[in-house]
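All remarks here apply to the structure that follows.
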Amino acid sequence: MGIRVYSTETREKEGLATREPGRVAMYVCGPTVYASSHIGHARPAVVFDSIRRYLEYSGLAVLFISNITDIDDKIINRAAELGIAWTALARGCQDEYEQDMAALGVASPVIRPRATEHIGDMIRLIAGLVAKGNAYAAGKGVWFDVSTFADYGRLSGRNCDAADTEHRVEQDAEKRNPRDFALWKAAKPGEPSWDSPWGAGRPGWHIECSAMSGKYCDFQLDIHGGGADLVFPHHENELAQSEAFSGRRLVRHWLHNGFVTIGGPGADADGEKMGKSKGNAFWLRDAFRIASPAALRLWLLGTHYRMPILYRPEFLVQSETALGRIHNCLEESALALAKAPGAKPEPVGLAEELTRAEGRFREAMDDDFNTPQALAAVYDGVNRINAGVAGNAPPGQLLAARNLLLPLLGVLGIPLERPAGRADASAAYIDLLLALRTEARERKDFRLSDRIRDGLKELGVEIKDRGGASTWSRQ
């Protein structure tokens with residue numbers, strides 16, 4: 001059947017089609033770098049990294065491009081608040097973002113373009129749109145004339161007869177139509193600017209991705225990804241200006257991940273969207289204090305990428321426990337094989353069971369990159385190898401089974417070893433809860449004590465009370 005993907009544009013699953021056989025041109029919108037990264041930034045990075053890994057696992061060569069927006073109103077305003085140069089803010093936040101992504105196991109893009117490095121490409125693109133009659137200069141800048149692109153709204157399915165003021169549509173009396181959007185903004189006193197045929201200024205937000213995909217992929221992408229919040233207006237505008245300029249279909253398959261939501265105990269997946277502008281962002285580096293980056297990655301992959309995912313700290317603790325089971329399997333099976341040096345893979349018995357698990361893994365990932373089902377196949381493989389170790393399976397079968405499991409972990413970006421030299425972050429979280437439980441027991445608040453014990457048990461952590469002291473272990 002091959003790989004099938006759900007296209008935001010067609011609203012249905014379709015077979016993956018690429019312009020060049022065996023090659024995938026893939027562009028994913030990166031962050032605007034004006035503050036630290038939160039879990040909402042981690043989700044698209046992990047999602048599209050896993051998609052990229054699976055495409056490569058399937059034998060495809062992937063040209064993976066992900067940009068950095070390093071010039072924007074938010075960057076300028078935040079730098080002014082901090083009293084630092086906007087360039088220093090953007091560079092520092094980019095460095096922090098890339099460090100966080102590396103901790104999450106996200107592979108570096110083949111190309112990581114920065115907006116400020118492509119101002120000339122944007123100017124040439126805007127000039128081309130003006131020459132074609134799709135854009136016009138007026139007042140404070142240059143605007144794209146939405147009325148000249150008949151397919152506007154094709155991606156988002158929006159009725160775009162009026163401006164959508166909730167989605168970064170610029171309001172300006174000198175525009176011909178409220179829907180028109182900025183390609184070039186005239187310089188303001190004290191703000192960074194570049195020379196252009198329309199005077200000093202800087203690019204609008206939407207034009208940068210068109211300029212970059214045009215430069216590196218000739219305005220022809222096989223996959224374009226990003227968060228669901230980018231469908232309108234960013235990707236709608238990107239599609240319009242790119243296709244108006246090139247006359248070619250920009251993207252074969254548009255893929256968008258769901259939001260990370262946040263809420264208190266009992267909140268469902270319809271909680272409030274996480275975001276820096278909303279003031280409810282949970283920073284990545286705070287999450288790394290609760291659980292390892294690998295556990296956070298595992299948690300993100302436990303929900304299908306198109307669905308919303310609710311964040312609560314205890315979910316990361318549960319994910320850390322699941323990660324521990326994987327690492328225990330790898331360590332115990334390695335110890336068993338160390339007792340049989342020179343063993344050769346035998347594709348029978350236990351290995352056949354892992355082959356079936358691998359088949360289910362492929363089937364899940366072929367079906368619009370269904371990582372929850374793929375993880376279920378991984379956990380089944382882990383359980384079977386554990387049973388093989390406990391049952392003294394022949395070393396050759398055990399070796400062949402491990403050889404089948406390891407690549408699947410690689411596709412999901414799960415590290416094969418526990419992080420070296422790093423304390424288990426969730427252990428500190430569990431120790432804190434245990435201390436609170438001890439205090440509750442001392443003041444005879446047994447309802448709270450039992451609630452903590454039962455809650456940890458649901459997360460796979462067992463508490464044992466002996467002689468007035470309490471200890472815990474993972475189940």
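Relative to the Cα centre, what is the charge dipole magnitude of the chain, using +1 at the beta carbon of each Lys and Arg, -1 at the beta carbon of each Asp and Glu, and rounding to the nearest 20 debye?
The dipole magnitude comes to about 560 debye.
Mind checking the dipole of segment 425-474: about its Cα centre, +1 per Lys or Arg Cβ, -1 per Asp or Glu Cβ, Debye to the nearest 20? If you can, show how the numbers build up before the last one.
Details: 11 positive and 9 negative charges, 24 e Å.
Around 120 debye, computed over segment 425-474.
Could you work out the local net charge near GLU191, counting Lys and Arg as +1, Asp and Glu as -1, over the other residues with Cβ closer than 12 Å to its Cβ? Show your work: numbers first, answer last.
Working: positive: LYS185, LYS188, ARG202; negative: ASP72, ASP73.
With Lys, Arg at +1 and Asp, Glu at -1, the net is +1.
Go ahead and run the numbers for FRET between VAL110 and LYS339, Cβ-Cβ distance against an R0 of 56 Å, rounding to 0.05.
Working from the Cβ atoms, E equals 0.85.
Does segment 1-102 come out rounded, prolate or oblate by the C-alpha gyration tensor, with a ≥ b ≥ c the root eigenvalues, rounded set by a/c under 1.5 and, if not, prolate when a/b is larger than b/c and oblate if not? Write down the numbers at each step before the final one.
Details: a/c = 2.87, a/b = 2.48, b/c = 1.16.
In terms of gyration-tensor shape, prolate.
Return a whole-number percent for the relative contact order of the chain, with Cα pairs under 8 Å and 6 or more residues apart as the contact set. Before the final figure, lay out the partial values.
Working: 764 pairs, mean separation 74.6, N = 475.
About 16 percent, as a whole number.
Hey, if you put +1 on the Cβ of every Lys and Arg and -1 on every Asp and Glu Cβ in segment 1-130, which of LEU125, LEU63, ILE39 ends up farthest toward the positive end of that dipole?
The residue sitting farthest along the positive end of the dipole is LEU63.
Give me the dipole magnitude in Debye, nearest 20, for segment 17-261 about the Cα centre, with unit charges on the beta carbon: positive for Lys and Arg, negative for Asp and Glu. Please report the intermediate quantities before stating the final value.
On the way: 26 positive and 31 negative charges, 91 e Å.
Its charge dipole is roughly 440 debye.
For the residues TRP86, TRP299, TRP194, what sequence is obtained by ranking on other C-beta atoms within 10 Å, fewest first? Don't skip to the answer; put the middle values down first.
On the way: TRP86 21, TRP299 24, TRP194 16.
Ascending number of Cβ neighbours within 10 Å: TRP194, TRP86, TRP299.
Calculate, in whole percent, how much of the Cα-Cα pair population of segment 17-261 lies beyond 25 Å.
Details: 12656 of 29890 pairs.
In whole percent, the long-distance tail amounts to 42.
For the charge dipole of the chain, defined by +1 on Lys and Arg C-beta atoms and -1 on Asp and Glu C-beta atoms about the Cα centroid, which residue among GLY157, GLN241, PRO21 has the Cα displaced farthest towards the positive pole?
Projecting each Cα onto the dipole axis, the largest value belongs to PRO21.
Looking at the chain, what % of the alpha carbon pairs are farther apart than 44 Å? Display every interim value, and only then the final one.
On the way: 25718 of 112575 pairs.
Result for the distance tail: 23 percent.
How long is the gain from ARG249 to ARG418 if the chain were fully straight, where each residue apart is worth 0.36 nm and the alpha carbon distance is subtracted? Walk me through the numbers on the way to the answer.
Numbers: separation 169, 0.36 × 169 = 60.84 nm, distance 4.49 nm.
Additional length available on full extension: 56.3 nm.
Count the net charge of all other residues whose Cβ sits under 11 Å from the Cβ of GLU314, scoring Lys and Arg as +1 and Asp and Glu as -1.
Surrounding charge for GLU314 is -1.
Work out the FRET efficiency for LEU406 and ASP286 from their Cβ-Cβ distance, taking R0 = 41 Å, and round it to the nearest 0.05. Numbers along the way, then the final one.
Values: r = 31 Å, r/R0 = 0.77.
About 0.85, to the nearest 0.05.
Once the Cα atoms of helix 207-217 and of the chain are each reduced to a long axis, what angle between those two axes, in degrees from 0 to 90 to the nearest 10, is obtained?
The angle comes out near 70 degrees.
Using +1 at the C-beta of Lys and Arg and -1 at the C-beta of Asp and Glu, which of VAL389, ALA440, ALA469 has the Cα lying farthest in the positive direction of the dipole of the chain?
The residue sitting farthest along the positive end of the dipole is ALA469.
Based only on other Cβ atoms within 10 Å, what is the fewest-to-most ordering of HIS206, HIS41, HIS304? Mind dumping the intermediate values first?
Values: HIS206 22, HIS41 25, HIS304 19.
Neighbour counts put them in this order, fewest first: HIS304, HIS206, HIS41.
At R0 = 41 Å, how high is the FRET efficiency between THR355 and GLU14 if r is their beta carbon distance? Nearest 0.05 is fine. The partial results should precede the final answer.
Working: r = 29 Å, r/R0 = 0.70.
After rounding to 0.05, the efficiency reads 0.90.
Throughout, read-outs are computed from the coordinates displayed, never taken from laboratory work. In this text the structure is predicted, and so the values were computed from the model without any measurement. Here Cβ is always computed from backbone atoms with ideal geometry, including for glycine, and neighbour counts include all displayed protein chains.
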